[in-house]
Structures are given as structure tokens and as C-alpha cells.
Amino acid sequence: MTGKVEEWRPGSFTKNFSWGSERGFAQLYESIRIGFDLKMEDIPREEFRQRLEGLGRPVYIPINFFLFNRQRDGIDYLIADELVFQAISGNHSPRFDKLALFAFNFSYVGVFKGAQSFQRRPALWANGYVKERLAKQLEWDTRRVSADDIEAFLISEPRYVAQTARKVATNLAHLYKIGRISDLKTDRVDRWWVDALFLALDRLIEDKRIAGVYVAETEYATLLQQSDFAAVSGKRSLEKDLATKHLVRLYTACGGRDRFSDEAVEARTNVLVRDVESWVAPNDPDPKGAIHPTNVRILKSIPAACAMLAIYAGFDVIGSMLMDEFDADEFIRDHTRAALDRLKREGIQPTMTTEEVLKLTREA
């Protein structure tokens, strides 16, 4: 980004969404699936636009505020990143809605022909509201989020450059309602938050590439830390900070956005993974679940080809059916039982009684 004074311009966000209120971001979800033709491949922006217009669907809000644009060989493309992966690989759900809302608040959408400089981060006013008002002043009390509160915040901001704030405020309040912003106040690790971390890295790295800056894998954690990710992805906590370290390792092991290319993943696996005898390649192409053994809430859906790389990164891998029906408590019980059975088979016995352990605890 440039060093110019930051300006917040709403652009086309003042248009009527007509997205309803009962189905969350279902229209965005369906538009992504249609526009990308259910393929995890970058697609020309014009081709995406024509597919949606041919069905009478709104185009410019999705491609200018939610998806990421970049140019290659003089052609504008929309990239296949984590938001697209979640739309294509699973059913529409509140988890997708919260991820989409994060993408909007994070506000990295790249560049395209004819775009003005402010359109690279077109919703900085929403980003600012979440960071400076909701997080800092309201301490994530989402009950106080309203069109009136958003309007008052924007009017008070010299960075906001527009003739009116009312339409922007009512549209944003509507998005926050259907995107379930009330769920962002938790300090626990949740699946949408895990997906958001991957999405943030996808877009931060692509944004740097547009500027001609190569980001080394060893710099991913720093890049994420210096971004708005923690500020706009819900209440911060030690659990999330610890989970971030594990997830950055998983993201790096899977090759970043190359995780969506089977060929790239295979090449990376051949380089990184040496001991693969214990792994049986999946028979189906459905996404797998990567769970970190230190916290079963750190559950990330990944392309099937990335399974071995996830194990290399220290994660356990489960099938898609188990992931959809995942029960954290049951998972812990099963793993504890398996661990105890393994110790029993290997003849490993405790050297202290329960009473001795409790005595040591009391004395400590």
C-alpha cells in the first residue's frame, strides 16, 4: 500500500443488495459456485461476470468487495482462495457466512483494470468500525452494533469521504446481521476463524505479489501478525494466539495457495515427507479434516491431497464424514482410550499411585 493519507470511500456499496435476511450469504455462496464453475482455478473476471449476469445475479458487490482480483498477462482474474474453496467444497452454512463477513471486513480485494486506488481495500470504513469501535470501544459487545451506531462512527471520522453515511450504515448493519457478527465475540477457536486465518494469508501474500514483493514462508507468521487479522476476526485470546502458531505451520506445510493444486502438493510432499509408510492415500477427493492434538477445536478442512503434509505439520487427519459430524468430546475420549490401550499393550505401567501424585500436587 502507498504512504498516502488513508481515505474511506464507500464506492458501489451504497447499492441495494437484495440478499434477504433468512439465508445469510447464500446468494454470495451460490454466485461463487456459479462463477467459478465449481472449479478451484483462477478465472478471468469477465468470464465470472458474464456467468452471473446471464442468470440475472448481482455481480459487482461479490467481485469488488468479497473476492480477490489480480492481473496476469493483461487479463483480470479472480483468484481461487480459501473463500472460494469453502463455497465449492461444502454446503452453505453459518460458517461460510462468518468467513465471508470476515473477508469483507478484512478488505483485501486486489486490483483490476479501471479500479481506483481506494478499491484495493474498498471497505476500510467497515474495517475501521470493527477495529476501532466494536473491538476497542465496545469490547466486542455486538448488541450495540446498529445502523445508527455505524452512521455516528462514520460521520465522526475525517477519513470517511462521502456525501452521506446513512445508506452505507444501513447496508453494513444488514450485512452484519445476516453474517452473524454476534458470533465473532467469542474468544474460543472456532472453525470459521480457522478458515479465516488461511484466507487472510492467501490474500496478504497475493497483495504483496501485486506490489512485486515476494514473501518467504518463514515470514508468513510476521505478515499475519502485522495485519488486521487479529483485530477483525473476533475477540483475541491466548487460545487463538497459540492456535495461530499451529495453523501457520499447517498453511506453510501445505504450500500456501498451492494447496489447491494436486501437482504442486504432490511435488511438495515428495520433498518434505520421508516417512509415509503409516499413511494410506485417500480413496475419495473430498476435503479432509486436520486436527491439532493440543486442541481439537483447531480443525481445518484441507484438500485431500494435503493430508500427508498435514501429518508432517503435526496434525491428525480425519475423513470428510467425521469432519461434518465432529464431536470434540467424543474425539478426546476416543484418543484417550486409544492411548491407554497402547500403553497397556506395550506394558507401560505408572510408577506412582494416585495418592502420591495428589500429595505432590498439594505440596507444590
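The values are calculated or read from the model by the stated rules, or taken from the named source; none is laboratory data. On a predicted model such as this, the values are computed, not experimentally measured, just so you know. Note: ideal-geometry Cβ built from the backbone for every residue, glycine included; neighbour counts use all protein chains shown. These area figures cover heavy atoms from the full protein model, side chains too; ligands, DNA and RNA do not enter into them. Shrake-Rupley method; radii C 1.70, N 1.55, O 1.52, S 1.80 Å.
Here are a few things to note about the model shown:
- Neighbour net charge for Ala87 - beta-carbon separation under 9 angstrom, K R +1, D E -1: 0
- Net charge, Glu239 excluded, C-beta distance under 9 Å - Lys, Arg +1, Asp, Glu -1: +1
- Virtual spin-label span in nm between Glu47 and Arg166, 7 Å along Cα→Cβ: 4.4 nm
- The protection proxy used here, the mean number of other Cβ atoms lying within 10 Å of each residue, ranks peptides 252-260, 95-103 as follows, highest first: 95-103, 252-260.
- Of the chymotrypsin sites (Phe, Trp or Tyr not before Pro) found in the range 194-256, those in coil by DSSP whose Cβ has at most 15 other Cβ atoms within 10 Å are Tyr214.
- Take Lys245: with every protein chain present and a 1.4 Å probe, its accessible area is about 140 Å².
- Classified by the C-alpha gyration tensor, the range 184-241 has a prolate form. Its axis ratio a/c, with a ≥ b ≥ c, is 1.5 or above, and a/b is larger than b/c.
- Shape category assigned to the chain from the gyration tensor of Cα positions, a/c cut at 1.5: prolate
- Highest to lowest packing among 75-86, 169-180, scored as the average C-beta count within 10 Å: 75-86, 169-180
- Placing pseudo-labels 7 Å out from each Cα toward the beta carbon at Asp73 and Lys177 gives an inter-label distance of 4.6 nm.
- Segment Val273-Asp141, extension gain: residue separation times 0.36 nm, minus the distance between their alpha carbons: 43.0 nm
- Taking 0.36 nm per residue of separation and subtracting the current Cα-Cα distance, fully stretching the chain between Lys39 and Ser93 would add 17.5 nm.
- Centre separation in Å (Cα based) which lies between the range 11-81 and the range 99-140: 17 Å
- Surface analysis of the chain yields an accessible area of 51 Å² per residue, using protein heavy atoms and a 1.4 Å probe.
- Only protein heavy atoms count here; on that basis, with a 1.4 Å probe, Tyr108 has an accessible area of about 20 Å².
- Tensor-based shape of the range 1-141 (alpha-carbon gyration tensor, a/c under 1.5 rounded, otherwise prolate or oblate): oblate
- Ligands, DNA and RNA left out, the 1.4 Å accessible surface of the chain is 49% carbon and sulfur atoms.
- Lys-Lys pairs in the range 99-225 that are eight or more residues apart or on separate chains and whose Cα atoms lie under 29 Å of each other come to 13.
- Extension gain, Gln226 to Glu239, is 2.8 nm, computed as 0.36 nm per intervening residue step minus the present C-alpha separation.
- Mean Cα-pair separation over length for the range 99-202, i.e. relative contact order, pairs under 8 Å, 6 or more apart, %: 32 percent
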